[in-house]
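A.B. asks: This structure is in structure tokens; I'll ask about it shortly.
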Amino acid sequence: MAELKGIPVVAESAAARSGEKYLTPQGFTAIRDGIKGRAATAPGGTTRKPPWLKARAPAGAGFQGVRALVREHRLATVCEEAKCPNIGECWNAGTATIMLMGAVCTRACRFCSVDTGNPHGWLDAGEPENAARTVELMRLKYVVLTSVDRDDLADGGAAHYAACVRAIKRRNPHTAVEALTPDFQGVLADVATVVDSGVEVFAQNIETVRRLTHPVRDPRAGYEQTLAVLAHAKRHRPAVLTKSSLMLGLGESDTEIAATLAELRAAAVDIVTLGQYLRPTLNHLAVERFVTPQEFDRYREQALALGFLECVSGPLVRSSYRAEQALNRNNAGLDNRALST
């Protein structure tokens with residue numbers, strides 16, 4: 001077994017365990033699930049999930065069909081990489097969030113289970129057309145594109161991202177595209193590259209309240225940086241809707257939630273989503289509390305009172321969950337009152 005700086009590296013043919021380094025098919029090393037095993041936090045926090053957080057195991061013909069398309073076209077989806085609890089519902093409905101620029105992120109946020117490494121500039125030149133063809137095969141009217149952070153690229157991958165959007169639009173001119181992007185290290189010209197590519201919605205997630213930004217997010221991410229990215233996107237092209245997302249349950253207070261919502265609205269963000277943080281592995285941050293369905297309804301009302309066009313809020317909500325329904329003004333069809341307590 002090879003070693004890198006004294007840490008064993010699992011060969012690509014072997015199954016790396018969470019927290020282990022492994023060799024990718026492209027020849028660079030990455031850490032499975034993003035956080036090294038030795039970086040595990042103390043057990044603390046709350047672990048037993050309440051009944052309203054139980055999601056059905058993924059199954060069904062629709063789920064299998066979407067998975068086959070994703071495999072055939074060599075696409076990474078955030079549905080799988082981030083261990084989203086809604087993968088069964090979304091894939092059975094024939095929708096998926098496509099993750100661009102590979103499945104290895106240059107950052108290591110302590111809430112995220114996407115693998116971490118340095119791709120050294122690697123990109124799949126065929127990805128734009130592969131993504132466009134998959135959207136066509138799935139007959140999507142609305143697609144969310146997201147990506148890993150690519151700090152190894154001079155423009156953070158903005159040009160590649162824009163190429164994917166344009167390819168989708170050429171083949172699927174009536175498909176609405178939402179781009180859930182990296183922060184491009186705050187380089188506003190790179191933000192504009194994506195905003196100008198033909199997207200209907202531009203999203204960048206603030207993730208948590210100001211006080212918890214570090215250690216929740218990678219040191220290269222930033223609360224003010226995300227606000228600046230969102231504000232610039234709206235100024236640059238006002239017709240494009242802007243969107244952000246906030247995880248709850250990491251130790252934030254009601255006052256901090258209200259302050260973050262107010263600052264997002266001050267940056268002219270149109271849509272916000274609120275969901276429960278769930279610890280993906282023991283190496284990641286612990287859950288400090290499980291927010292009740294009633295609290296999610298209350299936070300939604302606060303957001304709407306600030307002037308957001310919509311706030312999709314609920315325990316299993318993720319930034320791209322039911323994204324195509326975000327402007328229906330009905331919490332994307334979610335009824336938190338019906339959830340078991």
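Computed from the coordinates by the stated procedures, all read-outs in this text should not be read as laboratory data. Model, not experiment: these values are computed from the prediction. Methodologically, a virtual Cβ is constructed for each residue, glycine included, from the backbone with ideal geometry; neighbour enumeration extends over all protein chains shown.
A.B. asks: Give the long-range amide H neighbours of Y142: residues separated by 5 or more places, or on another chain, with amide H under 5 Å away, using H modelled in the peptide plane at 1.01 Å from N.
C.D. replies: A176
A.B. asks: While we're here: Given H placed 1.01 Å from N in the peptide plane, which residues other than close sequence neighbours of V287 have an amide H under 5 Å from its amide H?
C.D. replies: T46, R279
A.B. asks: Show that you can apply the helix-only estimate: for the chain, add -39,500 (n - 2.57) for every DSSP H stretch of four or more residues, divide by all residues, and state [θ] at 222 nm to the nearest 500.
C.D. replies: Roughly -8500 deg cm²/dmol at 222 nm, from the helical runs in the chain.
A.B. asks: Between R166 and A259, how high is the FRET efficiency from 1/(1 + (r/R0)^6) when r is the Cβ-Cβ distance and R₀ = 41 Å? Nearest 0.05.
C.D. replies: Given R0 = 41 Å and the Cβ-Cβ separation, E is 0.60.
A.B. asks: Give the calculated FRET efficiency between L306 and A239 to the nearest 0.05, with a Förster radius of 25 Å applied to their Cβ-Cβ distance.
C.D. replies: So the FRET efficiency works out to roughly 0.70.
A.B. asks: May I pose another question? HN-Hα J couplings of the range 285-291 from phi, Karplus 6.51/-1.76/1.60, θ = phi - 60°, integer Hz, Gly and Pro as x?
C.D. replies: Karplus values, whole Hz, x for Gly and Pro: 4, 6, 6, 8, 6, 9, 6.
A.B. asks: If I take R0 = 30 Å and measure r between the Cβ atoms of H214 and R71 in this structure, what FRET efficiency does the formula 1/(1 + (r/R0)^6) give, to the nearest 0.05?
C.D. replies: 0.25
A.B. asks: Over the chain, what relative contact order in percent results from Cα pairs under 8 Å that are six or more residues apart?
C.D. replies: Working: 700 pairs, mean separation 53.3, N = 341.
Averaging sequence separation for qualifying contacts and normalising by length gives 16 percent for the chain.
A.B. asks: Oh, and also: Using a Debye calculation, one point per C-alpha and no hydration shell, please list log10 I(q)/I(0) for the chain at q = 0.10, 0.12 Å⁻¹ in order.
C.D. replies: -0.57, -0.84
A.B. asks: Among A221, A267, A125, which one shows the highest mean-square fluctuation when the chain is modelled as a Gaussian network with alpha-carbon springs under 10 Å?
C.D. replies: Ranking A221, A267, A125 by mean-square fluctuation puts A125 first.
A.B. asks: Then there is this: Quick one: Karplus J couplings for the range 267-277, per residue in order, coefficients 6.51, -1.76, 1.60, θ = phi - 60°, nearest Hz, x for Gly and Pro?
C.D. replies: Per residue, the Karplus-derived 3J(HN,Hα) values read 8, 6, 5, 8, 10, 9, 10, 10, x, 7, 5 Hz.
A.B. asks: Still on this structure, please answer the following. Which one of A158, A15, A189 has the biggest mean-square fluctuation once the chain is modelled by GNM with Cα springs under 10 Å?
C.D. replies: So, out of A158, A15, A189, the one fluctuating most is A15.
A.B. asks: What does the charge dipole of the chain about its Cα centre add up to, to the nearest 20 debye, if the Cβ of each Lys and Arg holds +1 and the Cβ of each Asp and Glu holds -1?
C.D. replies: With Lys and Arg at +1 and Asp and Glu at -1, about 580 debye.
A.B. asks: Over the range 97-221, what number does the Rg to Rh ratio reach, with both radii from the alpha-carbon atoms and Rh per Kirkwood?
C.D. replies: We get a ratio of 0.97 for the range 97-221.
A.B. asks: Same structure, new question: Past 24 Å, Cα to Cα: identify those pairs from K169/K243; K36/K243; K54/K243, in the order given.
C.D. replies: K36/K243; K54/K243, as the Cα separations exceed 24 Å there.
A.B. asks: Once amide H atoms are placed 1.01 Å from N in the peptide plane, what residues at a sequence separation of 5 or more from L248, or on another chain, have their amide H within under 5 Å of its amide H?
C.D. replies: Here the answer is G275, Q276, Y277, since their amide H atoms fall under 5 Å of that of L248.
A.B. asks: Let me ask something else. Once the Cα gyration tensor of the range 191-265 is found, what semi-axes does its equivalent ellipsoid get, as square roots of 5 times the eigenvalues, in whole Å, sorted largest first?
C.D. replies: 24, 13, 9
A.B. asks: Out of the DSSP beta bridges found with both residues in the chain, what percent are antiparallel (nearest 5)?
C.D. replies: Values: 10 of 40 bridges.
In the chain, approximately 25 percent of DSSP beta bridges are antiparallel ones.
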